[in-house]
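A quick write-up on the structure given underneath.
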Amino acid sequence: MSEPWRGAVLALALAGLAAGCARDPLLVERSPCPAVAIPFHTGSYTRFDPPESRDADAIDFVAQIVDLRSQCVPGDRTIVSDVVFTVAAARRRAGPAREEVVPLFITLVQGGNVLMAKQLTAVRLSFAEGALRAEAQGRARAEVARAAAAIPPEIERRITRARSPREEDALVDPLADPQVRAALRAASFEVLVGFQLDDASLAFNVAR
């Protein structure tokens, strides 16, 4: 049997497990679409001048990832998720026009901890003369095989089967079963977007 993760692909084109409620308010329908998120401590990038300084007066500019969103189209064989985000930056002092390149990573993760694909890229920020702020847009596309995001039929039957109040396990949550939780986790994917930080920059973000 082929390994389902081999159907997971991450493609990036850089330019500049959410659940949905069904009509029944007590019924939650699982979406096969990847969730999108910014990992802890990677959503901010600070450039210092001089680079070795970490004083507030040495901050050159700060960039943030904002407005991260996705549009997902589940197909018969492939689930395509287009991710859009903005990098907004502010420099400490207005000055001449300048451009800065800021490194980013985009990853596809399965089950919360299995790295399926990673791509390093960058955005180019253009500060106009006298301007303090600049923005750049980024886009990514994640493709996951529909089979990889599907819950095994036997697990789905255990979750959705009708139960009589007279049954001993009628009040037992199926998600309490480790096997069920593992199957749901394996069928869940995330697209993570963040700045590609060196050790010093990551430590700075953690300490903030």
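Scanning segment 12-60 for residues that are modelled with pLDDT under 50 and within 21 Å of the chain's Cα centre (by Cα) yields LEU12, ALA13, LEU14, ALA15, GLY16, LEU17, ALA18, ALA19, GLY20. PRO165 meets each of the listed conditions (1) more than 24 Å from GLY75 (Cβ to Cβ); (2) surrounded by 13 or more Cβ atoms within 10 Å (Cβ to Cβ) apart from (2). Of the listed requirements (1) among the small types (Gly, Ala, Ser); (2) in a strand (DSSP E or B); (3) over 19 Å from THR46 (Cα atoms), GLY130 misses just one: (2). Just one residue in the set ALA128, ALA136, ALA90 is modelled with pLDDT of 95 or more, loosely packed, with under 13 Cβ neighbours inside 10 Å and either polar (S, T, N, Q) or over 16 Å from the mean Cα position of the chain (by Cα) (or both); that residue is ALA128. Scanning segment 106-123 for residues that are surrounded by fewer than 17 Cβ atoms within 10 Å (Cβ to Cβ) and within 11 Å of LEU192 (Cα to Cα) turns up GLY112, LEU115, LYS118, GLN119.
Residues of segment 69-101 that are charged (D, E, K, R) and farther than 24 Å from PRO34 by Cβ: ARG91, ARG92, ARG93, ARG98, GLU99, GLU100.
I'm checking my understanding of the structure. Among residues of segment 170-192 that are outside any helix (DSSP H, G or I) and at pLDDT 90 or above, which one is farthest from VAL83 (Cα to Cα)? By that ranking, first place goes to ALA187.
Conditions (1) outside any loop (DSSP other than H, G, I, E, B); (2) of a type in the set (Gly, Ala, Ser); (3) in contact with a helix residue (DSSP H, G or I) (Cβ under 8 Å, 6 or more places away or on another chain), marked per residue:
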residue	(1), (2), (3)
ALA122	yes, yes, no
GLN137	yes, no, no
ALA148	no, yes, yes
ILE159	yes, no, yes
ARG166	no, no, no
GLY194	yes, yes, no
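The set of residues in segment 121-137 being in contact with a Phe, Trp or Tyr (Cβ under 7 Å, 6 or more places away or on another chain) and closer than 20 Å to SER70 by Cβ is empty. A single member of PRO96, PRO103 is assigned to a loop (DSSP other than H, G, I, E, B), at pLDDT 95 or above and not hydroxyl-bearing (Ser, Thr, Tyr), and it is PRO96. When the residues of segment 25-59 are filtered to those that are in a strand (DSSP E or B) and in contact with a Ser or Thr (Cβ under 8 Å, 6 or more places away or on another chain), the one that is surrounded by the most Cβ atoms within 10 Å (Cβ to Cβ) is TYR45.
The values are calculated or read from the model by the stated rules, or taken from the named source; none is laboratory data. Only a predicted model underlies this, so the values are computations on that prediction, with no experimental measurement involved. Backbone-built Cβ (ideal geometry, glycine too); neighbour counts: all protein chains shown.
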